[in-house]
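The next block holds one structure in the form of structure tokens; read it before the comments.
The values are calculated or read from the model by the stated rules, or taken from the named source; none is laboratory data. What you see is a predicted model, and the numbers here were worked out from it, not measured in a lab. Using ideal geometry, Cβ is built from the backbone for each residue, glycine included, and neighbour counts are taken over all protein chains shown. Calculation scope for accessible area: heavy atoms of the full protein, side chains included, ligands and nucleic acids excluded. Shrake-Rupley method; radii C 1.70, N 1.55, O 1.52, S 1.80 Å.
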Amino acid sequence: MENKNTSTLNEQKTESPKEDSLLPIVEKGLFFHNSFFEGIHKHFETAIDQILDTWGEATSVSDLMSSYRRVRERNLQQENQVMAFSEDDRNHKVVLDVHNFKSGDVKVRVEDNQVVVEGRVEKEEDDFKSVKSFCRRFNFPGKVVMEGVTSAMSSDGVLTITAPKIPQAA
């Protein structure tokens, strides 16, 4: 019955294409070992360092992700979810940790010139059921080709969203 309600809700949403434009999420390898993510590594590491400093967590370069994952396990809040931005001559990029939601449902969509990322995961143990979710909305600075926005997820749960810049007239 729950699936039927979800299906009905999705059908209602897709009637308005302006409201909901889901993007496919391409699967990639490990974040720090896949060349696709190379240009954003330092920004992501800096964001992790800031969160670990805030939570007073000791860091070591070799164990940066493990330290960060421990913080997330203890306190799954939006303020300790790593998100980093970068840009080059051609693209703006946003990197967001969604590791805790990878076993659930992660969606990326373009809505009213914004990118919206949502995650939801349900866990059931014995008679206890928990639901965790997040929603992040953001705009890219400057002018971008919203129809060209793409998303990719590393196998360890790091989501990268790329928006191509509109070329400047010479």
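Test Val110 against the criterion of being touching a Lys or Arg at 6+ places or on another chain (Cβ under 9 Å) and either of a type in the set (A, V, I, L, M) or open to solvent by 100 Å² or more (accessible area, probe 1.4 Å) (or both), and give yes or no. So that I can check it myself, show each step before the final result.
Numbers: touching a Lys or Arg at 6+ places or on another chain (Cβ under 9 Å): no; either of a type in the set (A, V, I, L, M) or open to solvent by 100 Å² or more (accessible area, probe 1.4 Å) (or both): yes.
No: the conditions fail for Val110.
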Inset, instruction - State all residues of the stretch 71-100 that are open to solvent by 70 Å² or more (accessible area, probe 1.4 Å) and basic (Lys, Arg); if no residue qualifies, say none. - result: Arg74, Arg90
Inset, instruction - With the checklist (1) at pLDDT below 90; (2) among the charged types (D, E, K, R); (3) open to solvent by less than 20 Å² (accessible area, probe 1.4 Å) in hand, flag the one item Glu122 doesn't pass. - result: (3)
Inset, instruction - Examine the stretch 76-92 for a residue that is in contact with an Asp or Glu (Cβ under 8 Å, 6 or more places away or on another chain) and among the basic types (Lys, Arg), and state whether such a residue exists. - result: no
Inset, instruction - Give the residues of the stretch 38-70 that are surrounded by 14 or more Cβ atoms within 10 Å (Cβ to Cβ), closer than 19 Å to Leu159 by Cβ and touching a residue at least 12 places away in the same chain (Cβ under 8 Å), sorted by residue number. - result: Gly39, Ile40, His43, Phe44, Glu45, Ala47, Ile48, Ile51, Leu64, Met65, Tyr68, Arg69
Inset, instruction - Exactly one condition in (1) without any contact (Cβ under 8 Å) to a residue 40 or more places away in the chain; (2) closer than 15 Å to Ile40 by Cβ is not met by Val94; state its number. - result: (1)
Inset, instruction - Give the number of residues within the stretch 120-161 that are of a type in the set (S, T, N, Q) and either within 11 Å of the chain's Cα centre (by Cα) or farther than 24 Å from His43 by Cα (or both). - result: 5
Inset, instruction - Check off (1) assigned to a strand (DSSP E or B); (2) more than 21 Å from Ala84 (Cβ to Cβ); (3) open to solvent by 30 Å² or more (accessible area, probe 1.4 Å) for Pro164 and give me the number that stays unchecked. - result: (2)
Legend entry - One residue from Ser130, Ser103 being of a type in the set (S, T, N, Q) and assigned to a loop (DSSP other than H, G, I, E, B): Ser103
Legend entry - Number of the exception - Val117 against (1) farther than 18 Å from His43 by Cα; (2) in contact with a His (Cβ under 9 Å, 6 or more places away or on another chain); (3) aliphatic (A, V, I, L, M): (2)
Legend entry - Members of the stretch 140-161 that are polar (S, T, N, Q) and either part of a strand (DSSP E or B) or at pLDDT below 90 (or both): Thr150, Ser151, Thr160
Inset, instruction - Considering only residues that are loosely packed, with under 11 Cβ neighbours inside 10 Å and acidic (Asp, Glu), look in the stretch 4-37 and name the one that is modelled with the highest pLDDT. - result: Glu27
